[in-house]
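Working notes, structure below.
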Amino acid sequence: MPFIALEKVHELHNGYCRVFPVAGRQLLLIHSNDQSYAIDSICPHAGASLIKGKISGGCIRCPKHGIEFSLVNGVAQGGEVVADVAPLVFYRVAVEGDRVGIVL
Ligand code: FES
């Protein structure tokens, strides 16, 4: 499986969030709670961009309608209101040498 390098490991810090174009899509590389995540930048609720989403408490909050998605499992938070919203789309994060990236 091909590794696609995105960022130098030493650039990561809690609160890091940057967009990368990969294979025709926009991916968000996020570092939160000492963990790195790579997600599709399109909100699964109604397709808004998550690029300006707010990250806190292990979640990303979509700027369009305010739904928060867990960065751990991708699930929309908030009970019944968001029960039918699909989870975030994750990409597998890996580290090779001094680079963090994704494995497709
Ligand atoms: S489009 Fe993201 S919460 Fe609605």
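The numbers here are math on the coordinates, done by the rules we state, and not lab data. Keep in mind that what you see is a predicted model, and the values were worked out from it rather than measured.
Couple of notes before you dig in:
- As a length-normalised measure over Cα pairs under 8 Å and 6 or more apart, the relative contact order of the chain settles at 29 percent.
- Here the relative contact order of segment 3-46, from alpha carbon pairs under 8 Å that lie six or more residues apart, stands at 28 percent.
- Residues of type aspartates and glutamates that K8 reaches as a straight line, Cα spacing below 14 Å, ignoring anything fewer than 8 places off in the same chain: E96, D98
- Span from the segment 23-60 Cα centroid across to the segment 63-103 one, whole angstrom: 6 Å
- Karplus-derived HN-Hα couplings along segment 50-62 (A = 6.51, B = -1.76, C = 1.60, θ = phi - 60°), whole Hz, x at Gly and Pro: 8, 4, 9, x, 8, 10, 6, x, x, 10, 10, 9, 6
- Computed from backbone phi with θ = phi - 60° and the Karplus coefficients 6.51, -1.76 and 1.60, the 3J(HN,Hα) list for segment 91-104 is 10, 6, 8, 9, 10, 10, x, 9, 10, 9, x, 10, 10, 9 Hz; x is used for glycine and proline.
- If you run the Gaussian network model on the chain, springs between alpha carbon atoms under 10 Å, then out of A23, A48, A76 the most flexible one is A23.
- Quarter of Cα convex hull surface for the chain, i.e. mean projection, nm²: 6.4 nm²
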